[in-house]
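Asks: Provided herewith is a single structure, encoded as C-alpha cells, for subsequent inquiry.
The values are calculated or read from the model by the stated rules, or taken from the named source; none is laboratory data. Quick caveat: nothing in here was measured; it's all calculated off a predicted structure. Cβ coordinates were reconstructed from backbone atoms using ideal geometry, including for glycine residues, and neighbour counts include every protein chain displayed. Heads up: the accessible areas ignore ligands, DNA and RNA and are worked out on the full protein's heavy atoms, side chains in. Shrake-Rupley method; radii C 1.70, N 1.55, O 1.52, S 1.80 Å.
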Amino acid sequence: MALRKILTQGDPALAKTCRPVEKFDRKLHWLLDDMKETLANAGGVGLAAPQIGILRRVVVVEDAEENMIELVNPVIVDQSGEQEGWEGCLSVPGKYGWVERPNVVTVRAQDREGKFFEVTGEELTARCFCHELEHLDGHLFVEHADELYTPEEIDAMEAEEESKE
Ligand code: ZN
C-alpha cells in the first residue's frame, strides 16, 4: 500500500466526470487499499478516486463505527429528511461551508469483487455519501455553500451567537 497525493481545488482532475469501473482486478484492490490508507492518514471521513487523480467511480467512506466502506460505481437510490451543518473537503483544505444535505441516504454500489450491495447512512455518513459521490461527477461541496470560512472564523461566529443567547 502507498499514500497518494491528495489534489486540491483548481486541479483539472477534480472537475471531470469519472468512468465506471469495469474490471474488479488487483489494480482496483490496490487503488482501494491506497485510498483507505490515504484517507486514514489525512484524518478525513471520505475520499473519492478523482481526489488522487484517478478518474474512476470509486469512493471510500468511514462510517460512525469507524468502518471503511468501499463503494465502487455507487449511486444514491433513496434519500430522506434534511440536515444542515459545516462541511469540508480534503481537496479544499482549511475551508468550511454551511451545507444542507438529506439526513438519511441509501447507496447501491459494488464491492471490490463486483458484487452489488446497498448501504444506508445517517447524519455525517449520509452527508459523506452525497459529498463523495458528487466528486465522481466533477463537483465540489463549495458549489452548495454561500461562503467559505476558516475554523477560526467559525469559532468566532459561534462565540458571537452564544453571547446573544
Ligand atoms: Zn471532498
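Asks: Tell me, which residue of region 96-115 that is assigned to a strand (DSSP E or B) and among the basic types (Lys, Arg) is nearest to the chain's Cα centre (by Cα)?
Replies: Taking the candidates together, the pick is Arg101.
Asks: Under the condition of being within 17 Å of Phe141 (Cα to Cα) and out of contact with any helix residue (DSSP H, G or I) (no Cβ under 6 Å at 6 or more places or on another chain), which residue from region 27-51 is nearest to the ligand (Cβ to nearest atom)?
Replies: Gln51
Asks: Restricting attention to region 64-85, which residues are farther than 21 Å from Leu14 by Cα and either touching a Cys at 6+ places or on another chain (Cβ under 8 Å) or assigned to a strand (DSSP E or B) (or both)?
Replies: Those that are farther than 21 Å from Leu14 by Cα and either touching a Cys at 6+ places or on another chain (Cβ under 8 Å) or assigned to a strand (DSSP E or B) (or both): Met68, Ile69, Val77, Asp78, Gln79, Ser80, Gln83, Glu84, Gly85.
Asks: Go through region 100-119 and count every residue that is within 17 Å of Val60 (Cβ to Cβ) and in contact with a Cys (Cβ under 7 Å, 6 or more places away or on another chain).
Replies: Of the residues in that region, 1 qualify.
Asks: Can you name the condition, by its number, that Thr106 falls short on among (1) under 22 Å from Ala145 (Cβ atoms); (2) among the hydroxyl-bearing types (Ser, Thr, Tyr); (3) away from the ligand (no atom under 16 Å from the Cβ)?
Replies: Failing condition for Thr106: (1).
Asks: Any residue at all in region 116-138 that's part of a strand (DSSP E or B) and within 12 Å of the ligand (Cβ to nearest atom)?
Replies: no
Asks: Exactly one condition in (1) closer than 19 Å to Phe141 by Cα; (2) open to solvent by 60 Å² or more (accessible area, probe 1.4 Å) is not met by Arg108; state its number.
Replies: Among (1) closer than 19 Å to Phe141 by Cα; (2) open to solvent by 60 Å² or more (accessible area, probe 1.4 Å), Arg108 violates only (1).
Asks: Right, here's the next one. Quick check on my filter: what residues within region 113-165 are of a type in the set (Lys, Arg) and free of Cβ contacts under 8 Å to residues at least 12 places away in the same chain?
Replies: Correct list: Lys115, Lys164.
Asks: State whether one or more residues within region 21-33 are at positive phi and without any contact (Cβ under 8 Å) to a residue 40 or more places away in the chain.
Replies: Taking every residue of region 21-33 in turn, none turns out to be at positive phi and without any contact (Cβ under 8 Å) to a residue 40 or more places away in the chain.
Asks: Any idea how many residues of region 26-63 are outside any helix (DSSP H, G or I) and either open to solvent by 60 Å² or more (accessible area, probe 1.4 Å) or of a type in the set (S, T, N, Q) (or both)?
Replies: 2
Asks: Got a number for residues in region 11-25 being open to solvent by less than 70 Å² (accessible area, probe 1.4 Å) and in a helix (DSSP H, G or I)?
Replies: Going through region 11-25 one residue at a time, the tally reaches 2.
Asks: Now for a separate question. Considering only residues that are over 14 Å from the mean Cα position of the chain (by Cα) and within 26 Å of Gly53 (Cβ to Cβ), look in region 84-95 and name the one that is nearest to the ligand (Cβ to nearest atom).
Replies: Here the answer is Lys95.
Asks: Test of understanding: among Glu82, Glu123, Glu87, Glu70, which residue is closer than 30 Å to Met157 by Cα and crowded, with 16+ Cβ neighbours inside 10 Å?
Replies: Going through Glu82, Glu123, Glu87, Glu70 in turn, just one is closer than 30 Å to Met157 by Cα and crowded, with 16+ Cβ neighbours inside 10 Å: Glu87.
Asks: Now a separate question. Just wondering, is there one or more residues in region 139-161 that are among the hydrophobic types (A, V, I, L, M, F, W, C), open to solvent by 50 Å² or more (accessible area, probe 1.4 Å) and under 26 Å from Val105 (Cα atoms)?
Replies: Yes, region 139-161 has at least one match.
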